[in-house]
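Peer 1: One structure is given below, represented as structure tokens, and several questions about it will come after.
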Amino acid sequence: MVKALLGDTLTLGHRSNDGKTVHEIEVPQFGLGVFLMKKNGECRNSCQWALSSGYRHIDTAAVYENESEVGQALQETSIPRTDIFVTTKLRRGDALGYDAAIAAFEASLARLGLDYVDLYLVHAPPEDVECRDDVWRAMEDILDSGRSRAIGVSNYGAHHLEELMENAKYGPAVNQIEIHPWLQRHELRAATTSIGAVPMAYSPLARGHKVNDQGLAEIASRLGCTPAQVAIKWCYDQGCITIPKSSNEGRIIENIASLEVNLEDEAEALAELDEGYISGWDPTSQP
Ligand code: NDP
């Protein structure tokens, strides 16, 4: 039996156009990412292992094609729905306008087998600049309807956030972007918090590309933990919602155990790892 280690929660809110913060909720700061879990049962098993080792937040997306397996795991667990935070995302190909965004949201709910999600994100800035306001209007209506307890964006650069805020009734509660010790993104994180949103760190292990990094290994050996634990805990200590992916039961447990790692004496060594490394895509720099 694994000792459950739940981690902290953060408060999410939406800055409204009269300057108030509305629709405030709590989010577990640590969660499981389920990108690339496509094999039959892989996502369902991983969610089950994660929930039984203390994870209370699952980050999926329509484009990952595993929302229904997340839904199965939620149905099978004895943990109450209200104790689990579910994030999913509007596929870029569906971010075409108001009606398309609402229809895509409803399809995600159906695949998840849920009547609400906790956080719904625009996966990336809609490619058609002209439809961005309409897509965000749909997100705001989803929030007001209570079918998502919070709304946000992903892969938005500072200019996208600024543009969104010009006509928004509610600002995003979250900007989910790639963040890890090799891509520390101080400016984009500051732009995110300046509009009242919380940075959510995706690919905290740089998609696994950096788990054998020499500098990281040295820090881990000084601390007596694993390299992955250092990278994950660094994201968490920056105040980011942190969602490492693993489909392996042992690594799922290893990753949540990173919350017990103390990086206090390694701040300088970690600051030096920053090299602007993008592990996947980077829509933040698109128009
Ligand atoms: P991560 O940075 O979390 O790395 C995942 C990789 O690292 C996998 O290959 C995994 O392999 C491996 N790994 C996990 N734990 C360990 C460990 N302890 N030691 C060694 N290797 C390990 O990559 P992701 O890109 O998946 O990012 C995490 C989540 O962020 C995604 O799953 C998704 O939810 C979200 N995301 C969002 C994006 C967006 O555009 N909004 C883009 C990318 C990700 P194994 O499974 O075998 O353990």
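Peer 1: Which numbered condition in (1) within 15 Å of the ligand (Cβ to nearest atom); (2) in contact with a Leu (Cβ under 8 Å, 6 or more places away or on another chain) is the only one that Arg149 fails?
Peer 2: Against the list (1) within 15 Å of the ligand (Cβ to nearest atom); (2) in contact with a Leu (Cβ under 8 Å, 6 or more places away or on another chain), Arg149 comes up short only on (1).
Peer 1: Now a separate question. Taking region 205-230 on its own, how many of its residues are more than 8 Å from the ligand (Cβ to nearest atom) and of a type in the set (A, V, I, L, M)?
Peer 2: Matching residues across region 205-230 total 6.
Peer 1: Another question, if that's okay. List every residue pair whose Cβ atoms lie under 6 Å apart, where the two residues are 6 or more positions apart in sequence or sit on different chains, the first residue falls within region 254-281 and is at negative phi, and the second residue, located anywhere, is in a helix (DSSP H, G or I) and of a type in the set (A, V, I, L, M).
Peer 2: Asn255/Ile232; Ser258/Ile232; Glu266/Ile219; Ala269/Ile219; Ser279/Ala206
Peer 1: Within region 22-49, take every residue that is over 20 Å from Arg111 (Cα atoms) and among the aliphatic types (A, V, I, L, M) and give me the one that is surrounded by the fewest Cβ atoms within 10 Å (Cβ to Cβ).
Peer 2: So the residue we want is Val22.
Yes/no per residue for (1) over 23 Å from Thr284 (Cβ atoms); (2) surrounded by fewer than 16 Cβ atoms within 10 Å (Cβ to Cβ):
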site	(1), (2)
Arg91	no, no
Ala95	no, no
Asp99	yes, yes
Ala107	yes, yes
Leu112	yes, no
Asp118	yes, no
Cys131	no, no
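Peer 1: Of everything in region 225-270 that's among the hydrophobic types (A, V, I, L, M, F, W, C) and in contact with a Gly (Cβ under 6 Å, 6 or more places away or on another chain), which residue is nearest to Thr11 (Cα to Cα)? Before you say what the answer is, go through the steps one by one.
Peer 2: Restricting attention to region 225-270, the residues satisfying the condition of being among the hydrophobic types (A, V, I, L, M, F, W, C) are 225, 228, 230-232, 234-235, 240-241, 243, 252-253, 256-257, 259, 261, 263, 267, 269-270.
Then keep just the ones that are in contact with a Gly (Cβ under 6 Å, 6 or more places away or on another chain); that gives 243, 256, 259.
Working: Ile243: 17, Ile256: 20, Leu259: 18 Å.
Only one residue tops the list, namely Ile243.
Peer 1: Just the residues that are small (Gly, Ala, Ser) and either within 12 Å of the ligand (Cβ to nearest atom) or surrounded by 20 or more Cβ atoms within 10 Å (Cβ to Cβ) (or both), please, taken from region 54-76.
Peer 2: First, pick out the residues of region 54-76 that are small (Gly, Ala, Ser): 54, 61-62, 68, 71, 73.
Once the filter is applied, which keeps residues that are small (Gly, Ala, Ser) and either within 12 Å of the ligand (Cβ to nearest atom) or surrounded by 20 or more Cβ atoms within 10 Å (Cβ to Cβ) (or both), region 54-76 yields Ala61, Ala62, Gly71, Ala73.
Peer 1: Another question about this same structure. Taking the criterion of being within 18 Å of Leu6 (Cβ to Cβ) and in contact (Cβ under 8 Å) with a residue 60 or more places away in the chain, would at least one residue in region 56-78 satisfy it? Write out each step before concluding.
Peer 2: Step one: list which residues in region 56-78 are within 18 Å of Leu6 (Cβ to Cβ), which gives 56-59, 73-74, 77-78.
Then drop every residue that is not in contact (Cβ under 8 Å) with a residue 60 or more places away in the chain, which leaves 57, 59.
Scanning region 56-78, I find at least one residue that is within 18 Å of Leu6 (Cβ to Cβ) and in contact (Cβ under 8 Å) with a residue 60 or more places away in the chain, so the answer is yes.
Peer 1: May I ask you to list pairs of residues, at least six apart or on different chains, whose Cβ atoms are under 7 Å apart, with the first in region 121-147 being at positive phi and touching a residue at least 12 places away in the same chain (Cβ under 8 Å) and the second being away from the ligand (no atom under 16 Å from the Cβ) and not in a helix (DSSP H, G or I)?
Peer 2: Note: pairs meeting the criteria are Gly146/Tyr116.
Peer 1: Let me ask something additional. Tell me which residues, restricted to region 220-250, are closer than 17 Å to Gln184 by Cα and either of a type in the set (A, V, I, L, M) or at pLDDT below 95 (or both).
Peer 2: Listed by number, the residues that qualify are Ala228, Val230, Ala231, Ile232, Ile241, Ile243.
Peer 1: Only residues that are assigned to a helix (DSSP H, G or I), of a type in the set (A, V, I, L, M, F, W, C) and within 30 Å of Gly196 (Cα to Cα): list them for region 221-267, please.
Peer 2: Initially, region 221-267 is screened for residues assigned to a helix (DSSP H, G or I), giving 221-223, 227-237, 249-260, 264-267.
Now drop any that are not of a type in the set (A, V, I, L, M, F, W, C), which leaves 223, 228, 230-232, 234-235, 252-253, 256-257, 259, 267.
The answer is Ala228, Val230, Ala231, Ile232, Trp234, Cys235, Ile256, Ala257, Leu259, Ala267.
Peer 1: In addition: Determine which single condition Thr192 fails, assuming it passes every other condition in (1) of a type in the set (S, T, N, Q); (2) more than 10 Å from the ligand (Cβ to nearest atom); (3) under 16 Å from Gly7 (Cα atoms); (4) buried (at least 16 other Cβ atoms within 10 Å of the Cβ).
Peer 2: (3)
Peer 1: I'd like to know if region 60-79 contains one or more residues that are among the β-branched types (Val, Ile, Thr) and in contact with a His (Cβ under 7 Å, 6 or more places away or on another chain).
Peer 2: Just the residues of region 60-79 that are among the β-branched types (Val, Ile, Thr), to begin with: 60, 63, 70, 77, 79.
Subsequent filtering for residues that are in contact with a His (Cβ under 7 Å, 6 or more places away or on another chain) retains 63.
Yes, some residue in region 60-79 is among the β-branched types (Val, Ile, Thr) and in contact with a His (Cβ under 7 Å, 6 or more places away or on another chain).
Peer 1: Name every residue in region 184-208 that is out of contact with any helix residue (DSSP H, G or I) (no Cβ under 7 Å at 6 or more places or on another chain), hydrophobic (A, V, I, L, M, F, W, C) and more than 15 Å from Ile241 (Cβ to Cβ), in order of residue number.
Peer 2: If the condition is that a residue be out of contact with any helix residue (DSSP H, G or I) (no Cβ under 7 Å at 6 or more places or on another chain), hydrophobic (A, V, I, L, M, F, W, C) and more than 15 Å from Ile241 (Cβ to Cβ), then Ala190, Ala206 are the ones that fit.
The values are calculated or read from the model by the stated rules, or taken from the named source; none is laboratory data. Remember, predicted model here, so these are calculated numbers, not experimental data. When we count neighbours, we look across all protein chains shown, and the Cβ atoms used for this are built from the backbone with ideal geometry, even at glycine.
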